[in-house]
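**Q** A single structure is presented below for examination.
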Amino acid sequence: MLDTALPKLEQLIEQLIEKNSALNENIIRLNSQNEELASQVKQLEDDNENLQLEALEQEEKHAGTLSKINAIVGRLEQDA
């Protein structure tokens, strides 16, 4: 019985070692992907912040332009 159990145990241990190795490779691959995705998220957050700032600047410019136009229209209406 021991003669058959020992080879079977060795085979099962070898399978577990192979499975563990494959899982470790997956962990390394997934960690690498996670780092890449985290970097992309950071870049997208930075881009988003820049776009929001640009939108606010544009909004301020438009408000300033609208104010000037309204002032000109007001003066034209007074002259008319």
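**Q** Mind pulling the angle between the C-alpha long axis of helix 2-79 and the longest principal axis of the chain? Nearest 10 degrees, somewhere in 0 to 90.
**A** Tilt relative to the chain: about 0 degrees.
**Q** So, one more: Just going by the charge dipole of the chain, with Lys and Arg at +1 and Asp and Glu at -1 on Cβ, which of Ala63, Thr4, Asn48 is farthest out on the positive end?
**A** Going by the Cα projections, it comes out as Ala63.
**Q** For the chain, what is one quarter of the convex hull surface built on the Cα atoms, given in nm²? Mind showing how you got there, number by number?
**A** On the way: hull surface 31.4 nm².
That works out to 7.9 nm², a quarter of the Cα hull's surface.
Only the coordinates and a few stated rules stand behind these numbers; no lab work does. Owing to the predicted nature of the structure, the values given are computational and were not obtained by experimental measurement. Heads up, the Cβs are rebuilt from the backbone with ideal geometry, glycines too, and the neighbour counts pull from every protein chain shown.
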